[in-house]
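The values are calculated or read from the model by the stated rules, or taken from the named source; none is laboratory data. Fair warning: this is a prediction, and the values are worked out from it, not measured in the lab. Cβ coordinates were reconstructed from backbone atoms using ideal geometry, including for glycine residues, and neighbour counts include every protein chain displayed.
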């Protein structure tokens, strides 16, 4: 179909795929320069194309056709996300309709039965009075087998347990060993490499057990000195799966005044220091003076003795997946993997999540003069640029959510500081190519996605990037997602009939990017005020989102 639109459509299609960022570690890989050629593709490549092709096709067909094509792609990606889940419940594989034959089919079958009875002379032959049950059934086996997935999952287990992807990935490992051999003794060399790798893995397990034993022996000392070590910034760079996030103790020291002078005129730095002190006040549990705004006198109580911030390269965020496993996302502002999602804290949210771009990862040792503390307190924070909801998507609309950077003259609405403990996980955004890029920036800014071209006008939130991400938009399906917001979109498969969908326009959600530190400083349950809470309370509130 795309070839009928001419060579320009093909070139545009391939260009769009090349502009989609990868998603680590290897969930979404960089696409080839000629996706439309469909050459030398493995099963994982077809999966990546299905998960990301919606925005790439958008706008390349006539509008009346484009609507149905987008619905079809979304429905196929939705089915694929459900089919490859590692854990299923009756919600994901149960039949929602007791389908029967149509009136026309029922009448035709009755006429055939009557003629057959008259021809055989068996006029008393009994016939079914009601309609027959009809299940999904097509003559093409590949399409027909789609309806067998629920029964096969119940009988043989989840599809990833017998997927061809297992063999494909193992074949890659053998080829990797072969490339590193001298080709003279290929089989022996590959076997030796495999044995060495197995030995290293075994030694790694033993080392992990040894480190765990050491940590248990030092647990008493760590607990007794935890407060002092945090205040002095004496933290380790090791990663513990039970921790919600990990930011290293060491980093690049950044003088605040010098940093602001070097980036003078950058819109991202307007009121940078006052807003940062506002965030520190919230972390210390201080309430605003009036009108939900902190006074200058309150900000003067915040002191950073060294006058510096410590900038970190990455932040590892751990979370529990839908199938009750612990895994980790890495946020790196210096790459394209810098988008995150947090819980929507509006009173009546249109969407369960907020989205933001991480500009920087920092920690600072801060004093509050009014609390009469002698040692500074280490406070970790993310400097973010907010994105707001431009068009609501959903399972019933067969659309991914479309978001855009907050378009506001107020830096409070556009930029903010958040506690890393409020981050659910990273997310994958695909540019909305149909709406092109925004106006090229007049002046450079560290907050732009591209210093020369600027930002894209809109992005699509790829809810199909992996299994866990898809289930996060299906409240009640993810077993490991224990603390799901009550205002989340209800997952209802019965409403997903694309034949009944009509094109719908949506007004932008203007409040999604508002700075949480100004909205909720008096709210005891607000996650932004949790930076001073104990580790146990953070686990209870946050980790199982």
Those residues of the range 299-313 which are surrounded by 16 or more Cβ atoms within 10 Å (Cβ to Cβ) and in contact with a strand residue (DSSP E or B) (Cβ under 7 Å, 6 or more places away or on another chain), in sequence order:
301, 302, 304, 308, 309, 310, 311, 312
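Here is a yes/no grid of residues against (1) in contact with a strand residue (DSSP E or B) (Cβ under 9 Å, 6 or more places away or on another chain); (2) not assigned by TED's automatic domain parsing to the domain that holds residue 256; (3) not in a strand (DSSP E or B):
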residue	(1), (2), (3)
350	yes, no, yes
355	yes, no, no
359	yes, no, no
364	yes, no, no
367	yes, no, no
370	no, no, yes
379	yes, no, no
385	yes, no, no
Restricted to the range 413-454, and to residues that are in a loop (DSSP other than H, G, I, E, B) and within 20 Å of the chain's Cα centre (by Cα), which residue is surrounded by the fewest Cβ atoms within 10 Å (Cβ to Cβ)?
449
So, in the range 128-151, of the ones that are out of contact with any helix residue (DSSP H, G or I) (no Cβ under 7 Å at 6 or more places or on another chain) and within 17 Å of residue 108 (Cβ to Cβ), which residue ends up modelled with the lowest pLDDT?
128
Please enumerate the residues belonging to the range 168-192 that are part of a helix (DSSP H, G or I) and over 36 Å from the mean Cα position of the chain (by Cα).
186, 187, 188, 189, 190, 191, 192
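Yes or no, residue by residue, for (1) touching a residue at least 24 places away in the same chain (Cβ under 8 Å); (2) over 15 Å from residue 360 (Cα atoms); (3) assigned to a loop (DSSP other than H, G, I, E, B); (4) assigned by TED's automatic domain parsing to the domain that holds residue 445:
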position	(1), (2), (3), (4)
254	yes, no, no, yes
280	yes, yes, no, yes
310	yes, no, no, yes
322	yes, yes, yes, yes
334	no, no, yes, yes
Residues being assigned to a helix (DSSP H, G or I) and free of Cβ contacts under 8 Å to residues at least 24 places away in the same chain: count how many of those fall in the range 83-102.
1
